[in-house]
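Here's the structure we're looking at; comments come further down.
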Amino acid sequence: MSILVTGGTGYIGSHTCVDFIEKGKEVIILDNLSNSKAEVVDYIEQITSVRPKFYEIDLLDRDGVKKVFDENDIDTVIHFAGLKAVGESVAKPVEYYHNNITGTLNLLFEMRDHNCFNLVFSSSATVYGKPESVPIREDFPLSTTNPYGTTKLYIERILEDLCIADDRFSVVLLRYFNPIGAHESGLIGDNPNGIPNNLMPYVTRVAKGKLPHLNVFGNDYETHDGTGVRDYIHVLDLASGHFSALKALEKRGVSVYNLGTGNGYSVLDIVNAFERVNGIRIPYQITERRKGDIAECFADASKAERELGWKATRGLDEMCASAWNFEKIH
Ligand code: NAD
Ligand code: UD1
C-alpha cells in the first residue's frame, strides 16, 4: 500500500517525503507545482536513492485526482497541498477558498470512492486566532483573522463532520507552529517566490545580500525584548511528526495535535542566533507592527509527546545553520 502526499514537492511535503522514504514507506506525490518545482523530485531521489512517483495534477481537477487513485493502491493521504500566503488570501479570498476547500473536497470524494479512509491534514496554529494565553493547548478556542486561516478552520470542521457521518474515516489534524530550516543536504528547503513574508527566508535573503535589511515588525510588544515571539520548529522535526501521527490513524475519528517545540523565541533572538551560528551580520530596522500580528504564540506540545511519542529534538542553532546552508546553495 502507498501513501499519497498532496503538495509533496512543497517545503514541508518534500521533507516529509524524504523522512517517509527513509523509513521504508512508498510515497506518491501529487502537486500542481503552483508553489514548487519539479526538480524537487530529483532532489528527493538524490537524498534517498528512491524516486517517488510524481503526478503533476491540480486537486481542482477531480478527474486527475481520480486517475491517481485508479492507478495506485493508496491507503493513506498526507494532505499538504494548499495556498498559504496570509496577505494574498486577504486580497484573493475566493481563490483561496476554492483552492483549499474545493481541492480538499475533491480529494475526499476520491478517497471515499476508492476505499481510502486515512488522512493526515496540515492545519496551522493560525486556527487559534489571538490566543488568550500561552502555551497554546489543542482545546483552546478557535478563531481566525484572515481567509487563509479560515480555510484551515473550515477544513478541520469538514473533516470532523465527515468522521461523524462515516465511521470508516480516521483523520489527524496537525496544527503546525513555525517551521524553519532545511534538510542538511541543502537540496530542499523553503524557497518562496518573490519577497518572503515569513521571517527566516527574509533573514537568509538579507544574509545573501538579495535584500538590504530586515524589517522588524514592532519592538513594543509585551515580550522579553519587545519583538514578536514564536515557536520555531525545525522542518525535519515537523516532518517526523507526520510519521508519528500515523499511529493516531489506528483510532477512528478525528485526533488533533500541536506540532511545535514549546519554546518561544523573539525576532531578535532569531537574528542573534543566526548571526552567531553563521558568522554573518543581519542589518535590521525596527518598523511598525504588522497588521494582524500577535505578541506571542507557542505551543503546549505535550499531547503529541504523550500520545504519539513525538518530540522536536533540533535546536535553534541547527535551524539557523541549515536555513543558511540551503540559501547559500540556491
Ligand atoms: P508550500 O507552498 O511549499 O507547499 C504546498 C504545495 O501545495 C506546493 O508545492 C503547491 O504547488 C501545492 N499546491 C497548492 N495548491 C494545490 C492544488 N490545488 N493542487 C495540487 N497542489 C497544490 O507550503 P508548505 O510550507 O510546505 O505548507 C504545506 C502545508 O502546511 C500547507 O497546507 C500550509 O498551509 C500548511 N502550513 C504551513 C506552515 C508554514 O509555515 N510553512 C504553517 C502552518 C501550516
Ligand atoms: C505567519 C502567518 C500565519 C502562518 C505562519 C506560518 C501572518 C500574519 N501570519 O505567522 O498565519 O500560520 O506564518 O506560515 O502572516 N517578522 C518580522 N519581519 C519580517 C517577517 C516577520 O519582524 O520580515 C516577525 C513577525 O512580526 C513575527 C515573526 O517575525 O513576530 C514571525 O513571522 P512569520 O514568519 O511571518 O510567522 P507568523 O507571524 O507566526
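Here the stretch 295-319 is the region considered, the condition is being more than 25 Å from D220 (Cβ to Cβ), part of a helix (DSSP H, G or I) and within 18 Å of the chain's Cα centre (by Cα), and the residue that is farthest from ligand 1 (Cβ to nearest atom) is A304.
Determine if the stretch 84-95 includes at least one residue that is away from ligand 2 (no atom under 16 Å from the Cβ) and surrounded by fewer than 18 Cβ atoms within 10 Å (Cβ to Cβ).
Narrowing the stretch 84-95 to residues away from ligand 2 (no atom under 16 Å from the Cβ): 94-95.
Narrowing the set further to residues that are surrounded by fewer than 18 Cβ atoms within 10 Å (Cβ to Cβ) leaves 94-95.
Yes, the stretch 84-95 contains a residue that is away from ligand 2 (no atom under 16 Å from the Cβ) and surrounded by fewer than 18 Cβ atoms within 10 Å (Cβ to Cβ).
With respect to being within 12 Å of ligand 1 (Cβ to nearest atom) and either hydrophobic (A, V, I, L, M, F, W, C) or under 21 Å from E156 (Cα atoms) (or both), I28 falls outside the description.
Close contacts from the stretch 277-294, counting a first residue that is closer than 20 Å to Y221 by Cβ and of a type in the set (A, V, I, L, M) and a second that is assigned to a loop (DSSP other than H, G, I, E, B) and within 16 Å of ligand 1 (Cβ to nearest atom), with Cβ to Cβ under 9 Å and a gap of 6+ residues or different chains, come to I294/G129; I294/P131; I294/T145; I294/G228.
P52 meets the conditions (1) buried (at least 20 other Cβ atoms within 10 Å of the Cβ); (2) over 22 Å from L173 (Cβ atoms); (3) near ligand 1 (Cβ under 10 Å from one of its atoms) in every case but one. The failed one is (3). The residue that is nearest to H183 (Cα to Cα), counting only those in the stretch 206-245 that are basic (K, R) and more than 16 Å from ligand 1 (Cβ to nearest atom), is K208. With a requirement of 1 or more residues that are in contact (Cβ under 8 Å) with a residue 24 or more places away in the chain and within 23 Å of C163 (Cβ to Cβ), the strands (runs of 3 or more DSSP E) lying completely within the stretch 44-137 that satisfy it span 74-79, 118-124.
Values quoted throughout were computed directly from the atomic coordinates according to the rules given, and no laboratory measurement underlies them. The shown structure was predicted, so the numbers you read here are calculated from the model rather than taken from an experiment. FYI the Cβ positions are ideal-geometry reconstructions off the backbone, even for glycines, and counts take in every protein chain you see.
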